[in-house]
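Asker: Have a look at this one before I ask anything.
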Amino acid sequence: MPDSAEAADIPQAVLAAPAALTARGLAKQFRGFRAVDGVDLSVAEGSVHALVGPNGAGKTTLFNLLSGFIAPSAGQILLGDRDITGLAPEQIARLGVARSFQITNLFPMLTAREHVELALAGRAGQGFMFWRSDRLLIEHADRAEELLASVGLEHAATVPADTLPYGQKRALELALALALDPKVLLLDEPTAGMGAEDVDRTVELIGRVRAGRTVVLVEHNMNVVASLADRVTVLQLGQVLIEGEYAEVRDDPQVVAAYLGEPDAAH
Amino acid sequence: MVDVTQQLFNGLVGGGFLAMLALGLAVIFGMLRVVNFAHGAFYMLGAFGAYLLLTEAGVNFWLALLIVPVGLAVVGMVLERAFVHRLTRLDPLYNFLLTFGLALILQDAVKSQYGTQSKPYSRPALLDGSLNLGLFEYPRYQVFVLVFALVVCVAVWLVLARTRVGMIIRAATERPELTRALGIDVGRWVTPVFGFGIGLAGLAGVLAAPMRAVHPAMGADLIITVFAVVVIGGLGSIFGAVVAGFAIGMVQALGNLYVPAASQILVFILMAVVLLWRPTGLFGREEVLT
């Protein structure tokens, strides 16, 4: 379907799509300050939606709210039509929202296969039914082999993740995401601390995983945002500064000012 | 030569107790990030439990070996739900204080009820007498304790390494948040793991009853050494706890033989040396500490 003539139309198609993830008036009050202050966000199904903004804009807090790791002080979060406000992280994960973390995306001492098996167990919602796991475990083990093979890690299945080279760690993260088969994928700075070559590879990996899913991305690297994101929301001081396509957002004077940190930027 | 091998054997037996206690501490620390200062008190309760079951209800050693650890595991789970759980969101210091206070309360409660005198507990008839190990005669009961401790350690390792619940516990120990993000309810496992660790302490206590003095301070005397074992093995490392447990047992036994005057402080000298050489312990990983 996406031949090059239609590719330019994707944002419009995406705009017409229903929202996969919605935040309404979302707020988080920490002692003394509001890290997230009344954020409205609508992430269209099938889109890649980037959250950008200077440090302290509330991006990570917003991520933690969306994935249930912290409870909002006010507001509502919807997954499709379903209200997921206040659910535990594992419940939200089982409903089809997978998230990555800024640095620690893997279990250092677990083998690659165990990573994928864990994700499969979590997704099946049977993480606790260890006693009736025989049949399921075999099913999972086979599926795990498949997933590892699909990212080229079949040879590394029994090796602790810690000992994998950098590129293979990234591949294992991808296998984890695929194992969860999420509807919505929340990626927290997937290219943080990477060199140019790894950035390119990661952009390519995300391009592969996004097929049939919705991706929300916190990202500092504007080249990554430009090549992946259909929509961009700029946050500042816990509030939405502006939302739009990359090109319009990039040239907005408010955004330029926010990034340069000019004092009159905040209105 | 015979003396040395016999002392090494004593060391292995003593190490078995250290290993079982350190194993429980390590599992609890890994899953809850709680250093359980009350661990020694539960070891003492294990021994007292066996003693009371025998004197009050005529329950023999073998049944006590089953009943006491299970009973204490249940007590541990109740404690986790009622107290420990409420404090996990706060500074870890609150749980240090809680378990430390608990240790003092349990120890003094037993002391006020049963006094400070050691209680006699005889070996089970089946394990009376001694066994010829080729080089020397060795008490049957001690051989039993050593084999039992080894079996327990290997069994725990197999559960952690081979089963799904073990995989989940290892995952939650390393990265609790990532585990939850994969859809696994980590909270469900916290209470059983705490109970399991307490049960292991109780098991060690029952095993200790026939060969060590059953008295209220028996846990407090031992637990300091167990903390040294956990630190030497590497905080949070289950493998390290077991290996260091047996190793320290042997170091203590050899210390008794060659430098009896220093045998009490030998463990701590060793701990200082290990920490200077490897600040995270023999099998610890830097990340575990952060």
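Asker: Here are some conditions: (1) free of Cβ contacts under 8 Å to residues at least 40 places away in the same chain; (2) out of contact with any helix residue (DSSP H, G or I) (no Cβ under 9 Å at 6 or more places or on another chain). B:PRO92 meets all but one. Which one does it not meet?
Answerer: Here B:PRO92 meets the rest and fails (1).
Asker: Follow-up. Can you tell me which residue within the stretch A:95-131, out of those that are more than 8 Å from every other protein chain (Cβ to nearest Cβ) and under 16 Å from B:ALA161 (Cα atoms), is modelled with the lowest pLDDT?
Answerer: A:TRP131
Condition check ((1) touching a helix residue (DSSP H, G or I) at 6+ places or on another chain (Cβ under 8 Å); (2) among the polar types (S, T, N, Q); (3) more than 16 Å from A:LEU237 (Cβ to Cβ)) across all residues:
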position: A:ARG24; (1), (2), (3): no, no, yes
position: A:LYS59; (1), (2), (3): no, no, no
position: A:GLY80; (1), (2), (3): no, no, yes
position: A:VAL97; (1), (2), (3): yes, no, yes
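Asker: In this structure, does B:GLN252 turn out to be farther than 30 Å from B:LEU87 by Cα and either of a type in the set (A, V, I, L, M) or assigned to a helix (DSSP H, G or I) (or both)?
Answerer: yes
Asker: Where in the stretch B:148-215 are there helices (runs of 4 or more DSSP H), lying fully within it, with 2 or more residues that are more than 10 Å from chain A (Cβ to nearest Cβ)?
Answerer: Qualifying helices (runs of 4 or more DSSP H): B:187-208.
Asker: Restricting attention to the stretch B:236-275, which residues are within 20 Å of B:ALA161 (Cβ to Cβ) and of a type in the set (A, V, I, L, M, F, W, C)?
Answerer: Once the filter is applied, which keeps residues that are within 20 Å of B:ALA161 (Cβ to Cβ) and of a type in the set (A, V, I, L, M, F, W, C), the stretch B:236-275 yields B:ILE238, B:PHE239, B:ALA241, B:VAL242, B:VAL243, B:ALA244, B:PHE246.
Asker: Scan the stretch B:75-122 residue by residue and report those that are surrounded by 15 or more Cβ atoms within 10 Å (Cβ to Cβ) and acidic (Asp, Glu).
Answerer: Passing the criteria: only B:GLU80.
Asker: Under 6 Å between Cβ atoms, which residue pairs at least 6 apart in sequence (or on different chains) link something in the stretch B:99-116 that is closer than 17 Å to B:VAL35 by Cβ with a partner that is in a helix (DSSP H, G or I) and of a type in the set (Gly, Ala, Ser)?
Answerer: Going by the 6 Å Cβ cut-off, the qualifying pairs are B:ALA103/B:ALA41; B:LEU106/B:ALA41.
Asker: Test B:THR116 against the stated conditions and say whether it is of a type in the set (Ser, Thr, Tyr) and either within 14 Å of chain A (Cβ to nearest Cβ) or under 21 Å from the mean Cα position of the chain (by Cα) (or both).
Answerer: So B:THR116 fails the test.
Asker: Still on this model: Test each condition in (1) more than 10 Å from every other protein chain (Cβ to nearest Cβ); (2) at pLDDT 90 or above; (3) buried (at least 16 other Cβ atoms within 10 Å of the Cβ) for A:GLY68 and report the one that comes out false.
Answerer: The one condition A:GLY68 does not meet is (1).
Asker: I need the full set of residues from the stretch A:82-107 which are in contact with a Ser or Thr (Cβ under 9 Å, 6 or more places away or on another chain) and surrounded by fewer than 23 Cβ atoms within 10 Å (Cβ to Cβ), in order please.
Answerer: A:GLU90, A:GLN102 - these are the residues of the stretch A:82-107 that are in contact with a Ser or Thr (Cβ under 9 Å, 6 or more places away or on another chain) and surrounded by fewer than 23 Cβ atoms within 10 Å (Cβ to Cβ).
Asker: Now, a different point. Out of B:ILE269, B:ILE238, I need the residue that is at pLDDT 85 or above and surrounded by 20 or more Cβ atoms within 10 Å (Cβ to Cβ). Which one?
Answerer: On inspection, the qualifying residue turns out to be B:ILE238.
Asker: Restricting the search to the stretch B:143-172, which residues are surrounded by 19 or more Cβ atoms within 10 Å (Cβ to Cβ) and farther than 30 Å from B:GLY30 by Cβ?
Answerer: Passing the criteria: none in range.
Asker: Restricting the stretch B:53-87 to residues that are at pLDDT 95 or above and of a type in the set (Val, Ile, Thr), which is farthest from B:SER122 (Cα to Cα)?
Answerer: B:VAL78
Asker: Follow-up. Can you tell which of B:VAL70, B:VAL27 is of a type outside the set (Asp, Glu), touching a Leu at 6+ places or on another chain (Cβ under 9 Å) and either on the phi < 0 side of the Ramachandran plot or crowded, with 18+ Cβ neighbours inside 10 Å (or both)?
Answerer: B:VAL27 is the lone residue from the list that is of a type outside the set (Asp, Glu), touching a Leu at 6+ places or on another chain (Cβ under 9 Å) and either on the phi < 0 side of the Ramachandran plot or crowded, with 18+ Cβ neighbours inside 10 Å (or both).
Asker: Return the only residue of A:VAL209, A:VAL184 being touching a residue at least 60 places away in the same chain (Cβ under 8 Å) and hydrophobic (A, V, I, L, M, F, W, C).
Answerer: Among A:VAL209, A:VAL184, only A:VAL184 is touching a residue at least 60 places away in the same chain (Cβ under 8 Å) and hydrophobic (A, V, I, L, M, F, W, C).
Asker: Just checking, how many residues over the stretch A:108-124 are buried (at least 24 other Cβ atoms within 10 Å of the Cβ) and in a loop (DSSP other than H, G, I, E, B)?
Answerer: The qualifying residues number 0.
The values are calculated or read from the model by the stated rules, or taken from the named source; none is laboratory data. Nothing here was measured: the structure is a model prediction, and the numbers come from that model. No Cβ is skipped: glycine too gets one built from the backbone with ideal geometry, and neighbour counts run over all protein chains shown.
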